[in-house]
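Undergrad: Structure in structure tokens, see below.
The values are calculated or read from the model by the stated rules, or taken from the named source; none is laboratory data. On a predicted model such as this, the values are computed, not experimentally measured, just so you know. All Cβ positions, even for glycine, are placed from backbone atoms using ideal geometry, and neighbour counts span all protein chains on display. Surface accessibility is based on the protein's heavy atoms, side chains included, excluding ligands, DNA and RNA. Shrake-Rupley method; radii C 1.70, N 1.55, O 1.52, S 1.80 Å.
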Amino acid sequence: MESARIFESIVIIFNPNSTGNAPKLAEELRDRLADRLPYRADISLQPTEHAGHAVELAREAAANHANVLVVSVSGDGGYNEVVNGVMQSGNREAVCAVMAAGNANDHRSSIGTKPLDEAIAEGHVRRIDLLNIATGEGGDLTGEYAHSYIGFGLTPVVAIDLEKGSKGALKEMVSVVRTFSKFTPFEMQHSNGQHLKLDSLVFANIPEMAKYATLSEADDQPRDGKFEVIILQHQSKWRVLLTAARAATKGLGDQPSTDHYEFTTLKPIPYQIDGEVRSAAANTVVRVTSVPRALPIVG
């Protein structure tokens, strides 16, 4: 843990059109910080205007202020944008934080230690690992950061179906059941040449995801330079259901960990990164690596 930080600038980024209560939470956080901080700081609210705007706002905030805290009032997807913006800024001392205002909020649930305004006032900063996923070869190589997890197979397919309708516990359950009934496995070639047929492949920087599933018994402070690899080989649907039930109750137990993983897609495939869906083309090399202690956070 670093010595207590005093922030010159605190930028609070939120989606004004959020289906949740992000605007209200952002305003309340600003007001509490103004009362609680033992020093004077420039506290500003930055509403987003379109998808991806949080990346731009976070990048600009981190690039223009050396001693800055960028807070995302959002779920995992909104926080992913803020993290990527800060990383793109080149300011390795810019600090990030998230106030849960989304659907799953896996990251905050897994690593949060205390109320955010209290943690910011105390200024105790710690660094966590990030995941980086890069696809393509040579000059076509592109990369994106994840603070919590990257999932292939059943995970993004369910996410795509959930996004088609309104959210809510019952509707989510119906969507999951509908998607599961028509789900088919995906195939890929591991970097060691092995051909795999999988139902799910998840790279996890946190021990829990999707509000319910305990993926591994990993330390809840993701800063060991490694991530867990949860592989579900293709099996009958009733066995997949048993695995899901075990994840939701007892957890999946210890999982192998590594600092890198590489494979080649055989067909176009969607994947989920911190709750947001992306896609990789067919015959594309996919590399997932750990970026040790890359991100300073508070909270």
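Undergrad: When region 55-110 is examined, which residues are found to be under 21 Å from residue 143 (Cβ atoms) and assigned to a strand (DSSP E or B)?
TA: Result: 70, 72, 96.
Undergrad: Still on this structure, I have one more. Determine which single condition residue 232 fails, assuming it passes every other condition in (1) surrounded by fewer than 14 Cβ atoms within 10 Å (Cβ to Cβ); (2) at pLDDT 85 or above.
TA: (1)
Undergrad: Here are some residues: 56, 28, 81. Which one is closer than 18 Å to residue 296 by Cβ and either charged (D, E, K, R) or surrounded by fewer than 16 Cβ atoms within 10 Å (Cβ to Cβ) (or both)?
TA: It is 81.
Undergrad: Right, something else. Quick one: is residue 44 under 21 Å from residue 127 (Cα atoms) and either touching a residue at least 24 places away in the same chain (Cβ under 8 Å) or open to solvent by 20 Å² or more (accessible area, probe 1.4 Å) (or both)?
TA: Judged against the criteria, residue 44 is not a match.
Undergrad: Also: I'd like to verify a number: residues in region 277-293 that are of a type outside the set (Val, Ile, Thr) and at pLDDT below 90, how many?
TA: 0
Undergrad: Considering only region 86-122, state which residues are at positive phi and within 16 Å of the chain's Cα centre (by Cα).
TA: Scanning region 86-122 gives a single hit, 105.
Undergrad: Oh, and also: Scan the strands (runs of 3 or more DSSP E) fully inside region 118-196 and keep the ones with 1 or more residues being modelled with pLDDT of 60 or more and among the charged types (D, E, K, R).
TA: Output list reads 126-135, 142-146, 186-190.
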